[in-house]
Amino acid sequence: MNLAAAKYRITYEAFSKFSGGLSKVENLENLSHVVSKHLKYLFNFKIFRILLIDKNNVTGYTFAKGQTWISKNREDVLTFENKLLKDQIPFSNAINDSDLPKYLNHITLDNGQLWGWYIPYSDYEVCVSLVSDDSAQFSLSDVEILHLLVDTLTSKYRQICLNQEINLKNQRLEDAVAQIALKNKEIEKINSNQQSIIDSRTRELRIKNKKILELLRLNAHELREPLCRILGLLEISDYYTDTELRNEILPKLAESSFELDSIFKSVVIKSEEEIKKYSYNYND
């Protein structure tokens, strides 16, 4: 086995381990950890950076010497990345230490070289860049494994983002269902309270009707006696002379009439009192 074949076999064994570790990743934090762990076994580099753009969302991962930096702002897109997004043409240029971002100014380069690739996907744009130098030389023969890495990483990134979006929507749906259930309970409570009020008012109405009926029966009995006397006196009045009528019958008629009037007034007062009680209870 020649050196190239041995390197090819070792590289793809390393990639197989990387893919296995990536398959277990469930969040973006672990994603960067797995990439950082396996990246150095796939190809040489001083700095490796991948920029993923989804609509207006930007996520950048920068890897160097076991360290990882994650950016989420459009302002963090580097100048050469903006040019790469515009031109969409791969490039390879010389780069100096001073050209590196501030958070990477601790890295020294010996004949540094900056590589860049633009890789479009159906709903993503990806910019990949790599800085190499004489101490960590990147070869064109490594481009194939780099693209394979990017495809696998991007696919996993999209999967995690979709899962997070689905989980967020499910959580919102669960919250909405919980709110609906809470509102239903409130409605049931209101309906139950209204039914209790209706039942209470119905009982009060039955009691009031019963009292009114009792009052009517009582009043009818009290009215009957003076009324019967008046009717009796009128019935026998034909048998009396005028003098007898004036002296005997008329005074008794007057007495019974006053008694009947008094009873009528009492009936009216009692009825009004009951009606007021009934009205007050319903206005409470």
### Task
Pop a pseudo-label 7 angstrom from the Cα along the beta-carbon direction at both ASN111 and ASP54 and give the gap in nm to one decimal.
4.1
## Note on the structure
Counting only backbone N atoms under 18 Å from a point 7 Å out along Cα-to-Cβ of LEU168, the residues of the range 80-123 in range are 123
### Message
What Kirkwood Rh does the chain have if only Cα atoms enter the pairwise 1/r average? Answer in Å.
### Response
28.0
### Query
What length, rounded to one decimal in nm, is gained on full extension from GLU186 through to ARG203, with 0.36 nm per residue of separation minus their alpha-carbon distance?
3.6 nm
### Query
To the nearest 500 deg cm²/dmol, what mean residue ellipticity at 222 nm is calculated for the chain from DSSP H runs of n ≥ 4 alone, each contributing -39,500 (n - 2.57), summed and divided by the residues?
-22000 deg cm²/dmol
### Apportionment of accessible area to carbon and sulfur, the range 99-208, percent (1.4 Å)
53
### Query
Mean shadow of the range 26-185, computed from the convex hull of its alpha carbons, in nm²?
11.2
### Summary
Subtracting the Cα-Cα distance of LYS24 and ILE212 from 0.36 nm times their residue separation yields 59.5 nm
## Note on the structure
Within the range 115-130, the residues whose backbone N lies under 20 Å from a label point placed 7 Å from the Cα of ILE70 along the Cα-to-Cβ direction are 124-129
#### Entry: Label-point separation, ASP261 to SER16 (7 Å along Cα→Cβ), nm
12.3
### the chain, relative contact order [Cα under 8 Å, separation at least 6], %
14
### Message
Given Cβ point charges of +1 (Lys, Arg) and -1 (Asp, Glu) and nothing else, what value in debye, to the nearest 20, does the dipole of the chain about its Cα centre take?
### Response
1060
#### Entry: Extended-chain gain in nm, criterion 0.36 nm per residue less alpha-carbon gap, LYS270 and GLU248
4.6 nm
### Message
I need the calculated FRET efficiency for the pair LEU148 and ALA94, taking r as the beta carbon distance and R₀ as 30 Å, to the nearest 0.05.
### Response
0.65
### Message
As a test, work out the antiparallel percent of DSSP beta bridges whose residues both lie in the chain, rounded to the nearest 5.
### Response
100
### Query
What are the lysines whose alpha-carbon lies under 26 Å from the alpha-carbon of LYS270, with same-chain residues fewer than 8 places away excluded?
LYS208, LYS210, LYS211
### Query
In Å², what does the accessible area per residue of the chain work out to with a 1.4 Å probe?
67
### Query
Carbon and sulfur atoms: what percent of the 1.4 Å accessible area of the range 222-261 do they account for?
56
## Note on the structure
Of 128-138, 100-110, ordering from highest average Cβ density within 10 Å down gives 128-138, 100-110
### Query
When we measure straight from the Cα of LYS55, which lysines land under 21 angstrom away, once same-chain ones fewer than 8 places off are left out?
LYS72, LYS83, LYS86, LYS156, LYS169
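The values are calculated or read from the model by the stated rules, or taken from the named source; none is laboratory data. Keep in mind that this is a model prediction, so the values were computed, not measured. Note that each Cβ is placed from the backbone with ideal geometry, even for glycine, and that neighbours are counted across all protein chains shown. For the accessible areas, the whole protein counts, side chains as well, though only heavy atoms, and no ligand, DNA or RNA atoms are used. Shrake-Rupley method; radii C 1.70, N 1.55, O 1.52, S 1.80 Å.
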